[in-house]
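Chemist: I have a structure I would like to understand better, so I am pasting it below and will then ask my questions one at a time.
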Amino acid sequence: MSGVRGRAAWTRGARRRREALWALLFLAPSLAGFLVFTLGPVGASLGLSATRWDLIGRPEFVGLDNYRAALADPILGRVMRNTVTYSAGTVPLLVIVSLALAMALNQPIRGRTLFRVILFMPVVSSTVAVAMVWRWIYAPFGALNALLVSVGLPVVGWLTTTTWAMPAVILMSVWQSVGYSMVIFLAGLQGIPQHLYDAAAVDGASPWQRFWRITLPLLSPTTFFIVVMAIISTFQVFGQVYMLTGGGPAFATSTIVYYIYERAFLALHMGYASALAWLLFAAIFGLTVIQLRLQRRWVAYE
């Protein structure tokens, strides 16, 4: 009897080993790509952050000098404030607009599938193509200024004034990414049991009370996910700034990733740019940890 059990155990172990081998074989292309194109460059950037390198000569080890220079860099403080301003303007607007659209398209209206597709199309569109369209909209004689003139308002330099450049970038970013958040909110809304709304309506709850007492609490995990992902994304904004304003006017829209690009590929200070990238990683990691700690106060998983 013990021999039969031993052979059965050996057979199960051999089967598990074969399954593990096949799993590794199927995962090998993805793992190789991750090691070569993600983990390798990340490790290389950490090493470069301790060097002075102009991309041509030989890297010179400087220890923590790049980090000390970054912390004393006045431009870094300015671009970080711009990044925080961009994030603070984009994330709340993105959450509000995407939730409103999701609630509207969760209703049994005609053509809602078509509307969902139309709103999601900017998400899968190239940032360069989207930015070119918005450059035309923001142009001095573009669509937006033509609309202002038609109602008797003056022409606005959307991309050429320090007052309006950042709001212009924020508006384009929200328009491009609202479809993704809308789809996530739609999934969350469709997971809320209908009988909760029916019971609240029977008890005399108004639509606002049903939204405030049922929809928002049950959507809090979805909202938390969208907020975390949006903050991470907004702290890494680059394409919109590069295409619309080039960081101008007068550094009004220059963000941390755009500043890293300038230091690395225009000034050829690769070591300093790598140090900036790791400081950005530390900032995003810290913000994420804080959000994970604060979620206990407002996120309801049950």
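Throughout, read-outs are computed from the coordinates displayed, never taken from laboratory work. Please read these numbers as outputs of a predicted model, since none were measured by experiment. Here the Cβ positions follow ideal geometry from the backbone for every residue, glycine too, while neighbour counts run over all protein chains shown.
Chemist: Which is touching a Leu at 6+ places or on another chain (Cβ under 7 Å) and either free of Cβ contacts under 8 Å to residues at least 40 places away in the same chain or surrounded by 10 or more Cβ atoms within 10 Å (Cβ to Cβ) (or both), of Phe61, Phe26, Phe115, Phe34?
Modeler: Phe115 is the lone residue from the list that is touching a Leu at 6+ places or on another chain (Cβ under 7 Å) and either free of Cβ contacts under 8 Å to residues at least 40 places away in the same chain or surrounded by 10 or more Cβ atoms within 10 Å (Cβ to Cβ) (or both).
Chemist: Residue by residue through the stretch 55-75, note down the ones that are of a type in the set (Val, Ile, Thr) and touching a strand residue (DSSP E or B) at 6+ places or on another chain (Cβ under 8 Å).
Modeler: Selection gives Val62 alone.
Chemist: How about the stretch 245-260: which of its residues are among the hydrophobic types (A, V, I, L, M, F, W, C) and touching a Leu at 6+ places or on another chain (Cβ under 6 Å)?
Modeler: Ile256, Ile260
Chemist: Give the number of residues within the stretch 280-302 that are small (Gly, Ala, Ser) and touching a Pro at 6+ places or on another chain (Cβ under 8 Å). Explain how you work it out, then say what you get.
Modeler: Here is the first cut: in the stretch 280-302, the ones small (Gly, Ala, Ser) are 282-283, 286, 300.
Subset that is touching a Pro at 6+ places or on another chain (Cβ under 8 Å): 300.
Of the residues in the stretch 280-302, 1 are small (Gly, Ala, Ser) and touching a Pro at 6+ places or on another chain (Cβ under 8 Å).
Chemist: Of all residues in the stretch 251-276 being touching a Ser or Thr at 6+ places or on another chain (Cβ under 6 Å) and farther than 17 Å from Gly89 by Cα, which is surrounded by the most Cβ atoms within 10 Å (Cβ to Cβ)?
Modeler: Ala275
Chemist: Also, quick follow-up: Just checking, does the stretch 94-115 include any residue being touching a Gly at 6+ places or on another chain (Cβ under 9 Å), more than 30 Å from Phe224 (Cα to Cα), of a type outside the set (A, V, I, L, M, F, W, C) and not in a helix (DSSP H, G or I)? First the steps, then the outcome.
Modeler: The first filter runs over the stretch 94-115 and keeps only residues touching a Gly at 6+ places or on another chain (Cβ under 9 Å), leaving 98, 101-102.
Right, trim to more than 30 Å from Phe224 (Cα to Cα) and you get none.
No, every residue in the stretch 94-115 fails to be touching a Gly at 6+ places or on another chain (Cβ under 9 Å), more than 30 Å from Phe224 (Cα to Cα), of a type outside the set (A, V, I, L, M, F, W, C) and not in a helix (DSSP H, G or I).
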